[in-house]
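Colleague: My questions all concern the structure below.
The values are calculated or read from the model by the stated rules, or taken from the named source; none is laboratory data. Quantities reported herein were computed from a predicted structural model and do not represent experimental measurements. Here the Cβ is made from the backbone with ideal geometry for all residues, glycine too, and neighbour counts use every protein chain on show.
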Amino acid sequence: MLNTHLIISTSNDLLRVAASHILYISSDGNYCNFFQTGGEMRLVTYQLGQVERMIAEQLPELSRQFVRIGKSLIINLNYVYYIHVPKQQLILVDGQQNRYTLSASKEALKALKDLIEKNSL
């Protein structure tokens, strides 16, 4: 059966979020912020590398849609709208046409641009 939800559990709480609702995950020191469609944000007590491993383990069929960008971001490729390498700008757009403007290194954005171009051929 295809697992479509990521479950993040701590001693105090549990977050169960549909993979399709995750726009991006940003690092905040030893914590991560999950940004979801519709503008919801949730802070979890895991580092980005730990979340990256959870995605690979819990969502093996869907994990390719999540890409680590630099040291501080994991993005959902399904929501990439615009990449501007020189300005170090990445824009994601969700189903409600909400725009999320993120910054990343030129190297990370160039790699993302190349990945998307390669996969669309």
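Colleague: Report yes if some residue within segment 7-20 is among the basic types (Lys, Arg) and surrounded by 13 or more Cβ atoms within 10 Å (Cβ to Cβ); otherwise report no. It would help to see each step written out before you state the result.
Modeller: Just the residues of segment 7-20 that are among the basic types (Lys, Arg), to begin with: 16.
Still in the running and surrounded by 13 or more Cβ atoms within 10 Å (Cβ to Cβ): none.
No, that holds for no residue.
Residue by residue, here is whether (1) loosely packed, with under 14 Cβ neighbours inside 10 Å; (2) of a type in the set (A, V, I, L, M, F, W, C); (3) touching a Ser or Thr at 6+ places or on another chain (Cβ under 9 Å) holds:
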| residue | (1), (2), (3) |
| --- | --- |
| Leu43 | yes, yes, no |
| Met54 | no, yes, no |
| Gln58 | no, no, no |
| Ile83 | no, yes, no |
| Gln96 | yes, no, yes |
| Ala111 | no, yes, no |
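Colleague: Tell me which strands (runs of 3 or more DSSP E) are completely within segment 30-77 and hold 2 or more residues being within 14 Å of Ile7 (Cβ to Cβ), or say none if there are none.
Modeller: Ranges flagged: 41-44.
Colleague: Within segment 81-121, restricting attention to residues that are over 16 Å from Gly39 (Cα atoms), in contact with a strand residue (DSSP E or B) (Cβ under 8 Å, 6 or more places away or on another chain) and among the β-branched types (Val, Ile, Thr), which residue is modelled with the highest pLDDT?
Modeller: Looking at residues that are over 16 Å from Gly39 (Cα atoms), in contact with a strand residue (DSSP E or B) (Cβ under 8 Å, 6 or more places away or on another chain) and among the β-branched types (Val, Ile, Thr), I get Ile83.
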